[in-house]
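J.: Please read through the structure below; I'll follow up with questions.
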């Protein structure tokens with residue numbers, strides 16, 4: 001018997017419900033995007049009217065594009081998330097390795113202090129952190145947006161858990177072969193922790209892609225501002241909300257990721273799966 | 001030998017710990033200290049307040065409202081997001097009509113910044129001409145002002161939070177489901193095991209670590225996700241959708257009462273710690289168990 | 001111009017700059033945008049034009065989000081020891097800025113004569129939110145006032161005179177009843193009136209209180225509020241009756257930001273909103289519309305609103321001098337006219353209206369004049385010490401009355417008690 005036998009592949013009512021459920025949920029989930037596309041491509045008079053014969057226009061994109069340097073904001077965000085993720089992986093791997101494999105005085109207290117950062121979000125401490133950045137002379141730099149997040153308690157915690165599951169025998173074998181601690185971390189631990197890093201990477205990138213308040217406070221120029229802050233220019237509601245412009249700006253900034261996901265979603269999910277994240 | 005180990009360990013730890021202390025512990029301790037003082041204004045320096053900020057909290061109706069609201073918000077968003085994420089993963093893990101589209105649909109909220117999408121949701125909820133109202137009048141129900149009445153405002157923003165995170169959590173479940181050996185499924189199928197039984201007996205226990213991982217994230221988000229409140233309700237009407245972090249932001253950055261905001265922060269961190277510690281013990285045990 | 005010549009000039013300029021290094025002044029200037037995406041570029045053009053005229057001064061104009069975001073930025077930066085030299089913040093933030101001790105009065109940096117000719121030239125209605133303790137803390141710039149927009153087509157369809165705005169509270173109810181249209185099932189397809197109440201309902205409410213005969217909701221010193229007066233209670237009762245007793249407005253809290261769209265879509269035939277929406281509505285309306293003053297009861301009345309220039313402490317003398325000079329330039333007739341026309345804000349000085357550009361604009365857009373006319377009846381927006389907190393108290397209680405959690409009298413009594421307790425520290 002082949003492995004492709006599926007007991008419920010025939011026309012069965014529960015399978016039908018299953019498919020309907022999946023589609024219903026998807027339609028609800030995509031509704032905001034669908035609305036964004038509708039509104040961005042039509043004149044503003046059709047923000048609230050959905051008639052098939054509405055005229056199409058690219059004017060909203062033009063206005064949104066002219067209102068802010070989105071290409072630069074996009075680049076800033078890319079730089080930001082790449083920098084944060086790289087720093088997190090490097091710093092937190094080192095720290096997690098120390099917690100997982102070494103015995104040293106004060107280890108438990110230090111680990112408890114790391115865990116505190118899981119809960120105390122840097123967003124809440126922004127007045128104090130702004131003063132620190134000022135002392136360091138880092139106000140209005142991309143580095144300053146990312147720095148408070150470099151040492152992530154969450155990453156250290158996850159990586160420590162993963163490292164602890166790696167059998168000690170591997171260490172000993174590598175050590176016998178004259179591998180340094182750093183070499184061991186690089187050659188054995190990091191490759192084996194790739195799934196965890198992928199999972200954490202997704203959390204990190206998604207958080208910093210969407211983070212708003214801290215970047216708003218710490219940046220003050222086009223060269224440093226990320227997308228979210230750039231987008232908020234349209235979201236001010238002291239006067240009226242212009243949905244057509246907001247949605248056009250949102251689409252401009254999200255399109256690269258959306259199209260990327262659409263084209264590569266199979267590879268993306270599969271690599272995620274192959275890594276066996278759990 | 002031991003001494004050398006210590007040195008290596010501390011060298012590995014140093015960069016991360018210095019940053020942690022600099023941007024978390026140091027400001028957090030300052031926050032705790034601040035919570036025992038009054039707010040300094042340019043013209044009036046801070047004076048020692050003892051537990052003044054904490055006793056004030058006991059009489060603060062809006063704080064109580066925010067606590068209750070946040071409890072409801074967490075109680076709905078955490079299980080619903082996790083359940084929907086799992087359902088989505090189950091929907092799209094195997095062969096299904098339009099799988100690529102379904103996956104993208106579930107994933108869209110992850111790439112659309114909440115600060116921008118909140119405006120779209122605002123339109124959906126508007127009375128009179130919002131999308132839901134248009135659907136409503138077409139279906140013949142009576143009109144509702146979803147975000148403009150205290151009865152529904154909190155639930156309206158709760159729905160947006162669930163929407164914004166469930167698809168993201170789905171990815172983790174998708175990956176976890178993939179690790180379940182197909183041979184198990186086939187064996188179960190041959191023995192005529194019903195899909196529900198298979199799910200309960202095999203799938204659910206196997207993806208438990210993922211459920212815990214996702215729950216931790218959902219819990220943190222239940223206290224952290226307030227971007228859409230800024231755009232949609234500003235905590236209103238009459239504080240009906242007020243959440244703890246938004247209240248802290250309001251006290252700290254709109255009213256500039258940093259002392260009271262510090263005390264509120266201390267309370268929030270304590271609550272998170274209590275919930276968090278429980279979850280992490282579970283997570284820790286589970287991973288060790290494996 | 002050839003490239004060689006260009007680089008030669010650039011080189012000379014660079015030398016000139018280094019040799020006069022002591023004279024070069026850098027200014028940082030925070031500004032919010034409250035009227036959509038284009039206003040940011042107008043401000044940037046404005047600062048660029050100033051720098052072209054004054055090569056010694058370099059102004060970094062920083063767009064800092066909404067008003068609330070900008071205030072947050074400015075106070076955070078000032079507390080971190082990195083204040084900008086200039087910022088546009090809400091006029092009502094005056095007491096908070098004084099309380100934080102981070103701003104300087106403008107009077108100290110202008111001559112006796114300019115005190116008269118420059119500061120004295122702004123509309124008194126705007127200065128009431130800009131001066132206290134005998135000093136001037138804010139220079140009016142992006143100022144607004146609420147007005148009434150009405151849909152002339154809807155008026156005609158309802159059998160009303162399309163060219164007559166509701167002038168009194170009673171008119172508004174009467175017109176509203178004629179304009180509220182219900183379908184066969186009894187659901188409303190067009191509301192008579194929309195009085196947006198999300199976010200900051202206290203602003204429009206101040207207009208109701210003023211037209212009910214009360215001058216302002218707080219004293220000039222910012223230490224006392226008058227929420228539970230008969231005039232204030234009467235105003236809130238009237239507001240609640242629009243959706244309640246008279247059923248000419250949608251029930252519940254109505255979103256501020258969606259108000260222009262509600263008007264443009266014909267969801268509401270009369271809307272109360274800021275003059276800042278004039279440009280947007282003019283560009284997008286598919287019907288004839290009118291702009292009128294807020295309806296009167298005992299007398300006409302409206303609040304002022306919007307932002308002032310503030311001068312921050314901690315700058316060098318050269319920076320302060322340059323900052324004051326820039327603001328004088330920006331509020332001069334030609335620049336103020338450009339700004340007003342581009343954004344729909346009310347030109348804050350009489351002399352701006354004398355420019356030919358402004359006169360042409362007023363001819364083309366008669367609605368712009370309504371705001372100016374209304375200024376003679378204007379009262380200051382609610383502004384006190386602990387301003388945001390006091391305003392939020394009032395907002396919450398207005399919302400409670402609108403959604404029916406409290407009676408208007410109860411809501412305002414609660415707001416008064418709570419506000420008194422907070423302001424006791426300042427009396």
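No value in this document is a laboratory result; all are computed from the given coordinates. Bear in mind the structure is a predicted one, so any value in this text is a computation, not a measurement. All Cβ positions, even for glycine, are placed from backbone atoms using ideal geometry, and neighbour counts span all protein chains on display.
J.: Please report how far the C-alpha centroid of the range C:196-262 lies from that of the range A:191-264, rounded to the nearest whole angstrom.
T.: 37
J.: Below 8 Å, C-alpha to C-alpha, sequence gap of six or more: please give me the relative contact order for chain B in percent.
T.: 28 percent.
J.: When a/c reaches 1.5 or more, the comparison of a/b and b/c decides; with that in mind, is chain B rounded, prolate or oblate per its Cα gyration tensor?
T.: oblate
J.: Still on this model: Using Cα-Cα distances under 8 Å and only pairs 6 or more residues apart, what relative contact order does chain C have, in percent?
T.: Dividing the mean separation by the residue count of chain C yields 24 percent.
J.: Right, here's the next one. Tell me, Kirkwood radius of the range A:22-112 from alpha-carbon pair distances, in Å?
T.: Every distinct Cα pair counted, the radius reaches 18.3 Å.
J.: Still on this structure: Which of rounded, prolate or oblate describes chain A when judged by the alpha-carbon gyration tensor and an a/c cut-off of 1.5?
T.: Because a/c hits 1.5 or more and a/b fails to exceed b/c, chain A counts as oblate.
J.: While we're on this one: From the mean inverse distance of alpha carbon pairs (Kirkwood) and the Cα radius of gyration, derive Rg over Rh for the range B:101-145.
T.: 1.12
J.: What share of all Cα pairs of the range A:180-257, in percent, falls into each consecutive 5 Å distance bin?
T.: 3, 12, 15, 15, 15, 9, 8, 9, 6, 3, 2, 1, 0
J.: In degrees from 0 to 90, rounded to the nearest 10, what is the angle of the helix C:387-402 Cα long axis to the longest principal axis of chain C?
T.: Tilt of helix C:387-402: around 20 degrees.
J.: Suppose R0 equals 25 Å. What FRET efficiency, 1/(1 + (r/R0)^6) with r the Cβ-Cβ distance, do residue C:332 and residue C:282 give to the nearest 0.05?
T.: 0.45
J.: Would you list B:214, C:209, C:173 from fewest to most Cβ contacts within 10 Å?
T.: Starting with the residue having the fewest Cβ neighbours, the order is C:173, B:214, C:209.
J.: Per q in 0.26 1/Å, what log10 I(q)/I(0) does a Debye calculation on the alpha-carbon atoms of the range C:270-331 return?
T.: -1.15
J.: Continuing with the same structure: Could you give log10 I(q)/I(0) at q = 0.11 Å⁻¹ for the range B:134-196, computed by the Debye formula over C-alpha point scatterers of equal weight, without solvent?
T.: -0.58
J.: Averaged across the residues of A:19-26, what count of C-beta atoms belonging to other chains lies within 10 Å of each residue's C-beta?
T.: For peptide A:19-26, the averaged partner shielding equals 6.
J.: In degrees from 0 to 90, rounded to the nearest 10, what is the angle of the helix A:13-40 Cα long axis to the longest principal axis of chain A?
T.: Roughly 70 degrees, rounded to the nearest 10.
J.: To the nearest 10 degrees, how steep is helix C:3-19 against the longest Cα principal axis of chain C, on a 0 to 90 scale?
T.: 90
J.: Something else about it: Need one number: the % of Cα-Cα pairs in the range B:32-185 sitting beyond the 21 Å mark.
T.: I get 66 percent for the Cα pairs in the range B:32-185 exceeding 21 Å.
J.: Right, here's the next one. Which whole-number value in Å³ per residue fits the convex hull of the alpha carbons of the range A:45-170?
T.: Output value, Cα hull per residue: 223 Å³.
J.: Would you please put B:12-25, B:117-130 in order of how densely packed they are, using the mean number of other Cβ atoms within 10 angstrom per residue and starting with the highest?
T.: B:117-130, B:12-25
J.: Another question, then. Please state, rounded to one decimal and in Å, the Kirkwood hydrodynamic radius that the range C:220-271 gives when every pair of distinct Cα atoms enters the mean of 1/r.
T.: Its Kirkwood hydrodynamic radius stands at 13.3 Å.
J.: Now for a different question. Do me a favour and compute the ellipsoid semi-axes for the range A:114-264 from its Cα gyration tensor, root of five times each eigenvalue, largest one first, whole Å.
T.: Each semi-axis is the square root of five times an eigenvalue, giving 39, 21, 13 Å.
J.: Can you give me the C-alpha center-to-center distance between the range B:105-123 and the range B:1-61, rounded to a whole angstrom?
T.: First find each Cα centre; the distance between them is then 35 Å.
J.: How big is the C-alpha Rg of the protein assembly as shown next to the rule-of-thumb value 2.2 N^0.38 Å, as a ratio?
T.: Rounded to two decimals, the normalised Rg is 0.99.
J.: Taking N as the number of residues in chain C, what is its alpha-carbon radius of gyration divided by 2.2 N^0.38 Å?
T.: My calculation over the Cα atoms of chain C gives 1.05.
J.: So, one more: Below 8 Å between Cα atoms, with a sequence gap of 6+, how large is the relative contact order for the range A:70-274 in percent?
T.: Once normalised by length, the contact order is 33 percent.
J.: Kirkwood hydrodynamic radius of the range A:13-63 from all distinct Cα pairs, in Å?
T.: 12.8
J.: Looking only at chain C, where both bridge partners belong to it, what percent of the DSSP beta bridges are antiparallel (to the nearest 5)?
T.: Of the beta bridges lying entirely in chain C, close to 65 percent run antiparallel.
J.: Right, another one. Given a cut-off of 15 Å, what percent of all Cα-Cα pairs of the range C:352-427 lie beyond it?
T.: Looking at the range C:352-427, the distances longer than 15 Å represent 68 percent of pairs.
J.: Taking the alpha-carbon centroid of each part, what is the distance from the range B:133-186 to the range C:101-124 in angstrom?
T.: Value for the Cα centre distance between the two parts: 56 Å.
J.: Compute and list, largest first, the equivalent-ellipsoid semi-axes of the range C:385-427 from the alpha carbon gyration tensor, each √(5λ) rounded to a whole angstrom.
T.: One finds semi-axes of 21, 10, 5 Å for the range C:385-427.
J.: Here's something else I'd like to know. Arrange A:181, C:137 by Cβ neighbour counts within 10 Å, fewest through most, would you?
T.: Result, fewest neighbours first: A:181, C:137.
J.: Apply the a/c threshold of 1.5 to the C-alpha gyration tensor of the range C:275-427 and tell me whether it is rounded, prolate or oblate.
T.: Cα axes put the range C:275-427 in the oblate bin.
J.: Also, I was wondering about something else. Give me C:123, B:54, A:149 ranked fewest to most by other Cβ atoms within 10 Å of their Cβ, as a rough exposure proxy.
T.: By the 10 Å Cβ count, ascending: B:54, C:123, A:149.
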